[in-house]
Amino acid sequence: MDETWRNELSEFIAIPSVSADAAHRDDVKRAGEWVCDFIRTKCGGTAQLTSFGQKELALGEIPASNDAHNAPTVLCYGHFDVQPPAPLDLWETDPFELTIRDEWAYARGVTDDKGQVYILLKAAQKLVESNALPVNLRFACDGEEEIGGTTIVDYLRDDDRGANAGIIFDGGMLRQDLPAFDLATRGLIAFDVKVKTGDRDLHSGMYGGAALNAIHVLVKMFDALLAQDDGLLPGSLRTGITPPTQEELASWKTLPSGKDELESQGARPLYPNAAEDFYLRTFAEPSCDVNGIIGGKPGLRNTTLSVHASGECTIRLAPGQDVHAIGTAAERLMRDAAPAGAEVDIQWKGTPPGLVHPGSPAIQLGAQAFEKALGVKPLFVRAGGTLPIMPALADRGIPTVLTGFGLPESNVHSPNEKFLVRYFEAGVNTAAELYTAFAELPAD
C-alpha cells in the first residue's frame, strides 16, 4: 500500500467515530471534519460539516476540471461513523490503528465504511490532479448510518439541486474479483404489538380453557402474517411487487447455490423448495419474521395464564411495495386474527424499498467502467437488507450504483474487520473510471 495512502487512511481510521456511544459524539464530528478537510485540501473543492436537524453531514463539492457548468453532476454517499469495536479481547491488534498483515488491512471501519469513502475521495483527487475530472462531484456523507439515522434522507428530500447519478461504495463483492451492483434494497416495516386479555394473571388450572391467554392471542396474530406452506406471505402482503428483469435473473443463476448459502450459515430451509428459490425470496419477495415475544415468566416452570403479552415483528418489503399499503394490510390481518375480548395495541413505522432499473444509463455505464477497470462485468443483484438512502435517491430521480470492495470474509461489524490491500488501488482506479464514464450522462 502506498505510504501516503496508508498515512492518510491511518489518520481517518484513528478517529474512534462510534455513533452508538454518546461519549464519542465529538469523535464522530471529527471524522466528518476529516472528510471535509480532504475535499478542500486534496481535491480543491469546497466542503463544510453542516448541521442538519440534530446531526451533521459532511457536504462537499468538487467541480469538473473543465466546463463545470455543462458537466453532469454525480452525488457520492458514504458514512464516517463505525460500529463499536467490542469485544476488544477478540481483536488481534488495536481496532483504531490501521495494521497491514498478510495482504489484509485490519481496523474498525476499514471496510465499513471509512476505507471505501477514502477510495471515492482518492479517486477524485487522482482525476483532479490530472486535470481530468469530467463531472461535478457532490459528496454528502453522514455519521449515523450505523445507528439507523435518517438525516441524509431528510437532506435529500429538501435538496433541490439533485444529481444525474449517484455512487455508494458501502457494499462488497460476492467473492474475490467478482463485483456486484445492488440494484434494489428491500424496505422494512417494524411492528410493536401489545395484547391485554384481563385484569390480572390467573391460575391456569382454575381458568385455563375458559379465559383468554394473551400469549396465545399474540401468537395467533403473528401467525396471520407468516409464510404459507409454499413460503409466500398472504396475498394482501404481496401487492405491488416489481418482479426482477430477465437480466437480473440471469445474473442470479451465476451466484452460489441457495443450498450452499443456507448450509454455510447452519440454516434450515423454511419450506421444501427454499434452497432453489433462495435468491428470488431474499431479493425480490417480501418476508416476515417474529423478532421477539415477551410474556409470562420465561425460564421458570409457570402454570399461570398470562393476560399481558407484547412482541415485535418485521416485514421486509419487496421492491415496488408501498409502506402504507402493506403496513395497513398487516395490521388488518393481525386485528382480524385477535379474538373478541382481547385489547390490542399495534404501532408501526417503515422505510420503503429502493429500486434502480438495470437498463438505466447510469447502471450500464457503471458496469462498463467496472469491466474496463477490473476485467470482469459486475453481476446485477439485489440486497435483502434495507438502506433508507436508496429509496430517497430514487424518489429524487437519481439512479445510483450501490457497490463496493468488501468481501464476505471482511468481518464487517465483527472483531478483526479487514480489507484486502490490493483493492485500495483497484478501487481507486475503478472509481476513477466510474467518474469518467458518467461524463456521458446528459447534464441537466
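A Cβ distance below 8 Å, combined with a sequence gap of six or more or placement on separate chains, defines the contacts here; from segment 112-140, residues that are closer than 15 Å to G166 by Cβ and modelled with pLDDT of 95 or more reach residues that are basic (K, R) and surrounded by fewer than 24 Cβ atoms within 10 Å (Cβ to Cβ) in the pairs R138/R161. So in segment 302-324, with the set limited to residues that are more than 30 Å from T245 (Cβ to Cβ), open to solvent by 10 Å² or more (accessible area, probe 1.4 Å) and in a loop (DSSP other than H, G, I, E, B), which one is modelled with the lowest pLDDT? So, considering only residues that are more than 30 Å from T245 (Cβ to Cβ), open to solvent by 10 Å² or more (accessible area, probe 1.4 Å) and in a loop (DSSP other than H, G, I, E, B), the one modelled with the lowest pLDDT is N302.
Kindly indicate the residue of segment 329-341 that is open to solvent by 30 Å² or more (accessible area, probe 1.4 Å) and out of contact with any strand residue (DSSP E or B) (no Cβ under 9 Å at 6 or more places or on another chain) and also farthest from V381 (Cα to Cα) among those meeting that condition. Across segment 329-341, the extreme among qualifying residues is G341. L255 satisfies every condition listed in (1) open to solvent by less than 40 Å² (accessible area, probe 1.4 Å); (2) over 23 Å from K377 (Cα atoms) except (2). Which of the residues belonging to segment 125-172 are in contact with a strand residue (DSSP E or B) (Cβ under 6 Å, 6 or more places away or on another chain), in a helix (DSSP H, G or I) and either of a type in the set (S, T, N, Q) or open to solvent by 30 Å² or more (accessible area, probe 1.4 Å) (or both)? The answer is E145, T151.
For A190, the criteria (1) farther than 30 Å from H69 by Cα; (2) assigned to a helix (DSSP H, G or I) hold in every case but one, which is (2). If you filter segment 1-47 down to residues that are of a type in the set (S, T, N, Q) and within 18 Å of L98 (Cβ to Cβ), you find that the one that is nearest to the chain's Cα centre (by Cα) is S17.
Looking across segment 37-77, the residues that are in a helix (DSSP H, G or I) and crowded, with 19+ Cβ neighbours inside 10 Å come down to F38, I39, C43.
In segment 193-231, what residues are open to solvent by 80 Å² or more (accessible area, probe 1.4 Å) and either in a strand (DSSP E or B) or of a type in the set (D, E, K, R) (or both)?
K194, D199, R200, H203, K220, D223, D229
Selection within segment 173-210: residues that are out of contact with any strand residue (DSSP E or B) (no Cβ under 8 Å at 6 or more places or on another chain) and of a type in the set (A, V, I, L, M, F, W, C). The member of this set that is farthest from G53 (Cα to Cα) is M206. Each residue in segment 385-416 was checked for being touching a helix residue (DSSP H, G or I) at 6+ places or on another chain (Cβ under 9 Å), surrounded by 19 or more Cβ atoms within 10 Å (Cβ to Cβ) and of a type outside the set (F, W, Y), and 15 pass. Return a yes/no flag: does segment 83-97 have any residue that is in contact with a strand residue (DSSP E or B) (Cβ under 6 Å, 6 or more places away or on another chain) and assigned to a helix (DSSP H, G or I). Among the residues of segment 83-97, not one is in contact with a strand residue (DSSP E or B) (Cβ under 6 Å, 6 or more places away or on another chain) and assigned to a helix (DSSP H, G or I), which makes the answer no.
Taken over segment 224-248, residues that are out of contact with any Phe, Trp or Tyr (no Cβ under 9 Å at 6 or more places or on another chain) and closer than 21 Å to L379 by Cβ amount to 3.
Is it true that some residue in segment 103-117 is farther than 16 Å from I15 by Cα, among the charged types (D, E, K, R) and buried (at least 19 other Cβ atoms within 10 Å of the Cβ)? No, because not a single residue in segment 103-117 is farther than 16 Å from I15 by Cα, among the charged types (D, E, K, R) and buried (at least 19 other Cβ atoms within 10 Å of the Cβ). Summed over segment 269-290, residues that are free of Cβ contacts under 8 Å to residues at least 60 places away in the same chain, of a type in the set (A, V, I, L, M) and open to solvent by 40 Å² or more (accessible area, probe 1.4 Å) total 2.
Entry remark, segment 112-164: residues being more than 27 Å from H69 (Cβ to Cβ) and either more than 14 Å from the chain's Cα centre (by Cα) or of a type in the set (G, A, S) (or both) number 11 in total. Look at A340 and say whether it is touching a helix residue (DSSP H, G or I) at 6+ places or on another chain (Cβ under 9 Å) and either over 30 Å from L174 (Cβ atoms) or not in a helix (DSSP H, G or I) (or both). No; evaluated as a whole, the condition is false for this residue.
Are any of the residues in segment 179-186 hydroxyl-bearing (S, T, Y), over 30 Å from G296 (Cβ atoms) and not in a helix (DSSP H, G or I)? So far as segment 179-186 goes, yes, one or more of its residues are hydroxyl-bearing (S, T, Y), over 30 Å from G296 (Cβ atoms) and not in a helix (DSSP H, G or I).
Can you say whether G299 is part of a loop (DSSP other than H, G, I, E, B), over 17 Å from R382 (Cα atoms) and small (G, A, S), as far as the supplied structure shows? Criteria met by G299. In segment 15-30, the residues that are touching a residue at least 24 places away in the same chain (Cβ under 8 Å) reach residues that are open to solvent by 70 Å² or more (accessible area, probe 1.4 Å) and among the charged types (D, E, K, R) with C-beta atoms within less than 6 angstrom, at least six apart or across chains, in these pairs: I15/R30. Looking at Q347, Q368, just one residue is at pLDDT 95 or above, out of contact with any Phe, Trp or Tyr (no Cβ under 8 Å at 6 or more places or on another chain) and open to solvent by 10 Å² or more (accessible area, probe 1.4 Å), and that residue is Q368. For segment 260-296, the set of residues classified as of a type in the set (G, A, S) and outside any loop (DSSP other than H, G, I, E, B) consists of S264, A284, S287, G292, G295, listed by residue number.
The values are calculated or read from the model by the stated rules, or taken from the named source; none is laboratory data. What you are looking at is a predicted structure, and each value in this text was computed from that prediction instead of being measured. No Cβ is skipped: glycine too gets one built from the backbone with ideal geometry, and neighbour counts run over all protein chains shown. In case anyone asks, the SASA skips ligands and DNA or RNA and just uses the protein heavy atoms, side chains included. Shrake-Rupley method; radii C 1.70, N 1.55, O 1.52, S 1.80 Å.
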